[in-house]
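Data first, discussion second: the structure below is written as structure tokens.
The values are calculated or read from the model by the stated rules, or taken from the named source; none is laboratory data. Values in this document were obtained by computation on a predicted structure and should not be read as measured data. Glycine gets a Cβ as well: all are built from the backbone with ideal geometry, and neighbour counts include every protein chain shown.
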Amino acid sequence: MSVETIENVVIVGSGPAGHTAGIYTGRALLEPLMFEGEMAGGVAAGGQLTTTTDVENFPGFKAITGPELMMKMREQSESCGTRIRTKTVTKVDLSERPFKVYSGSEMVLARTLIVSTGATAKRLHIPGEETYWQKGMSACAVCDGGLPIFRGKPLAVVGGGDTAAEEALYLTKFASRVFLLVRRDEMRASKVMQERVFADPKIEVLWHTIAKEAKGDDVLQAVVTENVQTGKVEDIVVNGLFYAIGHVPNVDFLDGQLESDEEGYVKTVPGSAATSIPGVFACGDVQDKEYRQAVTAAGSGCMAALEAERFLSTQKG
């Protein structure tokens, strides 16, 4: 196993947060090294945006595809001095500085570490999902719900928590009707969110209901549902199906070395990207379960980079 020179900044993850961190630390002449991942978390380098089609809510672009946006970010971070390796970090040792960052048999040393590995949306993996993903199916209503293919159409949301309620309410701005598929006979959402759902005439809650299959031609046209109480199976005509069943932060490689919440999201100091270990910073969806937007991820990547630069300026060696 070869040990390389000590890096000033190692960035793990290559979504909007990671590349923004790369842009800022690169411009600060810190020569950051990024591990962009190789299908890490089941997603290509570039993160969740590589699985989306049109992006209409990132400043500077009236409309751009997710993969194209991430390629532009990658090109910019490289032009600013970020060195990118298409490898997945498998583990880290944060017990002392410099930190040890492993990718298979390779190990690098880092004076600071920026964790920007994101979170992966939970999926149901029903028949037809791979065919219609981003052709009527999505895990982010706020990201995709306003796209032309959904406007004025019947849509469905899977889930019973606050996120599902929020996404169903958001979709009423565009949809002709919104079906909320809830597996149980009650919602887990807060009382105030439930009241808003029940009061909205566009939303119909389907209790005891699960999605069984996605159907259509070129795009989604219907969802096969099953009532788990009665066993009744039927098609509901919808042009959009949105999963709101949670996300899983991509933190396995950390092996619990950073303080996290009960769901596994890395905890950061409020108003900061600092984690429980000095010199380690977290940004993007790996520490944000509230907003989960490309623009907020990018902003937190800027924070992490600036804080890493300040941290290094106070250290010797």
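Pairs meeting the criteria (first residue in region 11-31 and under 25 Å from Arg292 (Cβ atoms) and part of a strand (DSSP E or B), second residue modelled with pLDDT of 95 or more and small (Gly, Ala, Ser), beta carbons under 7 Å, at least 6 apart or on different chains) are Ile11/Gly18; Ile11/Ala21; Ile11/Gly22; Ile11/Ser116; Val12/Ser116. Checked against the criteria, Pro154 counts as more than 20 Å from Phe35 (Cβ to Cβ) and surrounded by 18 or more Cβ atoms within 10 Å (Cβ to Cβ). As a summary of the residue check, Arg111 satisfies the conditions (1) over 17 Å from Phe179 (Cα atoms); (2) among the basic types (Lys, Arg); (3) not assigned by TED's automatic domain parsing to the domain that holds Val266 except for the one numbered (3). Mind checking whether some residue in region 69-76 is assigned to a loop (DSSP other than H, G, I, E, B) and either in the same structural domain as Thr296 (by TED's automatic domain parsing) or touching a helix residue (DSSP H, G or I) at 6+ places or on another chain (Cβ under 9 Å) (or both)? The answer is no, given that none of the residues of region 69-76 is assigned to a loop (DSSP other than H, G, I, E, B) and either in the same structural domain as Thr296 (by TED's automatic domain parsing) or touching a helix residue (DSSP H, G or I) at 6+ places or on another chain (Cβ under 9 Å) (or both). Applying the criterion of being at pLDDT below 95 and charged (D, E, K, R) to the residues of region 152-172, the residue that is nearest to the chain's Cα centre (by Cα) is Glu167. For region 222-238, the count of residues that are at pLDDT 95 or above, part of a loop (DSSP other than H, G, I, E, B) and buried (at least 18 other Cβ atoms within 10 Å of the Cβ) is at least one.
Screening the candidates Gly284, Gly246 for the property of being at positive phi, under 20 Å from the mean Cα position of the chain (by Cα) and surrounded by fewer than 18 Cβ atoms within 10 Å (Cβ to Cβ) yields one hit, Gly246. Before we move on, is Glu56 out of contact with any Ser or Thr (no Cβ under 9 Å at 6 or more places or on another chain), acidic (Asp, Glu) and in contact (Cβ under 8 Å) with a residue 40 or more places away in the chain? In short, yes.
Table: residues versus (1) aliphatic (A, V, I, L, M); (2) touching a Gly at 6+ places or on another chain (Cβ under 7 Å).
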position: Arg83; (1), (2): no, no
position: Val92; (1), (2): yes, no
position: Ser105; (1), (2): no, no
position: Thr112; (1), (2): no, yes
position: Pro127; (1), (2): no, no
position: Gly136; (1), (2): no, yes
position: Gly145; (1), (2): no, no
